[in-house]
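The structure appears right after this line, and notes come after that.
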Amino acid sequence: MQIFRQNSYVALLLGVILVGAGSICLLGEDEAVPEKERTLESGSVHILVPASLQALPAKEEPSLLVERPMQGDSSAEHALSFMPHLITLELKGITEEEIGISHCVMLEEMNRERILLQQNNNKSLQNGEEISQPAGPPDKLFFTRTELLSPAEQKDAQWSYALVDEELLLLQKIVMAEAEAEPYEGKIAVTNVILNRLRSANFPDTIKEVIYQKSQFSPVHNGRLKRVTADEETIAAVNEALNGRKEVTDDTYYFLSLKLASDLTIAKTKDEAKAIGNHTFYK
């Protein structure tokens, strides 16, 4: 019985020691938290920031800090994955000198990325090659007696033509209807033909009248003109032609597909100017 009592005292003493040791461990972990990376809330985004930065002295002026994830730290990479190249966050009371990072580095990188993004947005793919997007359609077209001028050449114009939205849309639709499956240059050439007719005294005086002239464009007759919607490539081709790009000369007034045309009168009576895709163009 005496041995049992002694063992009970030992067990009780050991229990007290274990409880005390556990409390010390928990207290130590609490005190160690500032040494770990903490979470700083910036708006609705939580960003991991080393606790050492929080110990920097407070200043009146805020500054920007560039924080990059360490290699091999998957948790940091996950937290920063919403911005793959750099992160900016505003920490009040931290100056450039204290952080040792210049704002210029961050701003220059952001500016480079903005320029690259803008350049990419101004390009499209054509037959696997990048082409620059043309300017938008002009408000006026400028002509001499024999040619269409670009807006930059308007000082040499003998007359001008106000381009309204209704006719611009109609021009895009007829080019789409006639040359949807044709190469980009072929779409420009079809637009050139219509503008050449607009300029010529031998054809009607407005774009609408040129397009709806009797027996001239098959999509008008078969109803395809009303059904189509111009795609981005067609719109770009029309805009380039309106701004002065030419794939056929100013005296080219006709085109047809020798494979599909039922009437080959044009091919027999006019001079061939150029073949682009499935279309052959004539003067």
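When residues in segment 165-183 are screened for being under 14 Å from PHE255 (Cα atoms) and either outside any loop (DSSP other than H, G, I, E, B) or not assigned by TED's automatic domain parsing to the domain that holds PHE217 (or both), 5 of them pass. State whether the residues of segment 164-175 include one that is of a type in the set (S, T, N, Q), closer than 29 Å to THR265 by Cα and more than 27 Å from the chain's Cα centre (by Cα). Within segment 164-175 (the criterion being of a type in the set (S, T, N, Q), closer than 29 Å to THR265 by Cα and more than 27 Å from the chain's Cα centre (by Cα)), the answer is no, since none of the residues qualifies.
Can you tell me which residues in segment 200-212 are of a type outside the set (Val, Ile, Thr) and either touching a residue at least 60 places away in the same chain (Cβ under 8 Å) or surrounded by 20 or more Cβ atoms within 10 Å (Cβ to Cβ) (or both)? Correct list: empty. Filtering segment 213-264 to residues that are in contact (Cβ under 8 Å) with a residue 60 or more places away in the chain, β-branched (Val, Ile, Thr) and part of a loop (DSSP other than H, G, I, E, B) leaves only THR252.
Scanning segment 254-283 for residues that are touching a strand residue (DSSP E or B) at 6+ places or on another chain (Cβ under 8 Å) and among the hydroxyl-bearing types (Ser, Thr, Tyr) yields a total of 4. Every test in (1) polar (S, T, N, Q); (2) farther than 25 Å from GLN172 by Cβ; (3) touching a Pro at 6+ places or on another chain (Cβ under 7 Å) is passed by ASN243 save one, and that test is (2).
Somewhere in segment 129-138, is a residue at pLDDT 95 or above and surrounded by 11 or more Cβ atoms within 10 Å (Cβ to Cβ)? The answer is yes; a qualifying residue exists.
Residues checked against (1) within 27 Å of ARG145 (Cα to Cα); (2) out of contact with any Phe, Trp or Tyr (no Cβ under 7 Å at 6 or more places or on another chain):
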position	(1), (2)
ARG197	yes, no
PHE203	yes, yes
SER218	no, yes
GLU233	no, no
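Looking only at segment 233-283, residues that are under 27 Å from GLN154 (Cα atoms) and acidic (Asp, Glu) come to 5 in all. Only one of GLY136, GLY186 is under 29 Å from the mean Cα position of the chain (by Cα) and part of a loop (DSSP other than H, G, I, E, B); which? GLY136 is the lone residue from the list that is under 29 Å from the mean Cα position of the chain (by Cα) and part of a loop (DSSP other than H, G, I, E, B).
Scanning segment 176-195 for residues that are hydrophobic (A, V, I, L, M, F, W, C) and touching a residue at least 24 places away in the same chain (Cβ under 8 Å) yields MET176, ALA177, ALA179, ALA181, ILE188, ALA189, VAL190, VAL193, LEU195. Any residue at all in segment 178-198 that's of a type in the set (D, E, K, R), modelled with pLDDT of 95 or more and within 20 Å of SER160 (Cβ to Cβ)? Among the residues of segment 178-198, at least one is of a type in the set (D, E, K, R), modelled with pLDDT of 95 or more and within 20 Å of SER160 (Cβ to Cβ), which makes the answer yes.
The values are calculated or read from the model by the stated rules, or taken from the named source; none is laboratory data. These numbers were taken from a predicted model, which means no experiment stands behind them. With ideal geometry, Cβ positions are generated from the backbone for all residues, glycine too; neighbour counts draw on all protein chains shown.
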